[in-house]
Ligand code: PMP
Ligand code: GLN
């Protein structure tokens, strides 16, 4: 058996969701909306199933979705790309991340990552034989530690793997931070893989900036989006990669090995979604901002210190002031069992082989209906 996979624990998101079910807890752990996405997309996906285009679609995605991804790049980020050669549709951002890293790295290459990090990054890099160079961001603001980042980039660095808006921190990289990264990339001839699944989930006045839109970055950047997040249907698993043609061709080869194609009806529905007017995207982020505010207020009144959050589905709360004797894992288990509210321990987002990270931070998902957030808050009010 493969030693790395044998040693890989089951993802914390599934573990905590199972615990939430066991204790009938309000699940603010795993990040998924509890409402359906847009009805017109669901209708379009259902209609597309019936109209007889159910065989393998093209390797890089159906043309209408590739065109919609290209126009969305232009509309939202000012990035001009060729839909025929610079877009690849994948099974969610999860596959896109793996395929992009497969496209870029050779064994021994170094890839800079930012901690806390999403749970697939490190295992995938290690399976590819790459060397991860974690750079730690620090609470509460998670600002880019510029000197440390500059020190982590060197002759062996192949790429920087970046997530903005960032899970679990809710941080949105500023234009100045991205400019600093871009400058390092040019000076050291480095690529970037940008996981931008929460690109439409930023809260005013903060806006998402795509690294790929900065001068000189198009040739060096692989940008990843997800229909699951932009259309609130995480089960659809439709992702999209935008990359310069030579890199997109390699991402397509990786995709050929991993899954080859993506369900055509879902692709066609997502194409319609990406063409929605700006009201749709504004409403999505505005309703998510209200949910963030509601949960933040509730967590504060229950005695948590809530860290700032400018984007994503998540806020981080510090339970240090609550007098709980135990770490974040123990806290999340106890909160599920005793108060029947589930969250994710933030230590799950750190390299298990790295130095100790924060131990009193937990991540709560607010992509839930107001009545669900209200129920969670009322259960948390019993915290002692
Ligand atoms: N990257 C990040 C940062 C995520 O939070 C998620 C899922 N929540 C993904 C990637 C995976 O996206 P998908 O469901 O489209 O595979
Ligand atoms: N990305 C989601 C989260 O951060 C969960 C995805 C998963 O369950 N693998 O909660």
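What follows is calculated from the coordinates using simple rules that are stated; it is not laboratory data. Everything numeric in this text was worked out from a predicted model, so none of it was measured. Backbone-built Cβ (ideal geometry, glycine too); neighbour counts: all protein chains shown.
How high is the relative contact order of the chain, in percent, counting Cα pairs under 8 Å that sit 6 or more residues apart? Don't jump to the answer; show the numbers that get you there.
Working: 760 pairs, mean separation 97.4, N = 384.
Reported relative contact order: 25 percent.
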Notebook entry, point to check: If you bin every alpha carbon distance in the range 39-276 into 5 Å steps from zero, what whole percent lands in each bin?
Noted result: 1, 7, 15, 20, 20, 16, 11, 6, 3, 1, 0, 0
Notebook entry, point to check: Once both labels are modelled 7 Å past Cα along the beta-carbon direction, what's the residue 4-residue 300 spacing in nm?
Noted result: 4.4 nm
Next item on the list: Give me D for the range 226-384 in µm² s⁻¹, whole number, from Stokes-Einstein with Rh from the Kirkwood sum over alpha-carbon pairs, 37 °C and 0.692 mPa s.
Entry: 179 µm²/s
Next item on the list: Take the chain, connect every pair of alpha-carbon atoms lying under 10 Å apart with a spring to form a Gaussian network, then pick out the residue of 213, 312, 285 with the largest mean-square fluctuation.
Entry: 213
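Give the relative contact order (percent, whole number) for the range 14-157; include only Cα pairs under 8 Å separated by 6+ residues. Walk me through the numbers before you get to the answer.
On the way: 108 pairs, mean separation 19.9, N = 144.
Dividing the mean separation by the residue count of the range 14-157 yields 14 percent.
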Item checked: Per-peptide average of other Cβ atoms within 10 Å, ordering 329-342, 357-370, 270-283 highest first -> 357-370, 329-342, 270-283
Margin query: If I model a spin label as a point 7 Å beyond the Cα along the Cα-Cβ vector, how far apart are those points for residue 13 and residue 382 in nm?
Written below: 2.9 nm
Item checked: Cα→Cβ-extended label distance, 7 Å offset, between residue 156 and residue 258, nm -> 2.5 nm
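Determine, for 109, 183, the number of other Cβ atoms within 10 Å of each Cβ, and report the residues in order from fewest to most. Spell out each step's value before the answer.
Details: 109 17, 183 13.
With the sparsest Cβ surroundings first, the list reads 183, 109.
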Checklist line | GNM flexibility winner over the chain from 196, 305, 95 (Cα, springs under 10 Å) | finding: 305
Item checked: Euclidean distance between Cα centres, the range 1-23 to the range 245-318, Å -> 23 Å
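What value, in deg cm²/dmol to 500, does the helix sum -39500 (n - 2.57) over DSSP H runs of n ≥ 4 give at 222 nm once divided by the residues of the chain? Let's see the in-between values first.
Details: 14 runs with 155 residues, N = 384.
That calculation yields -12000 deg cm²/dmol at 222 nm.
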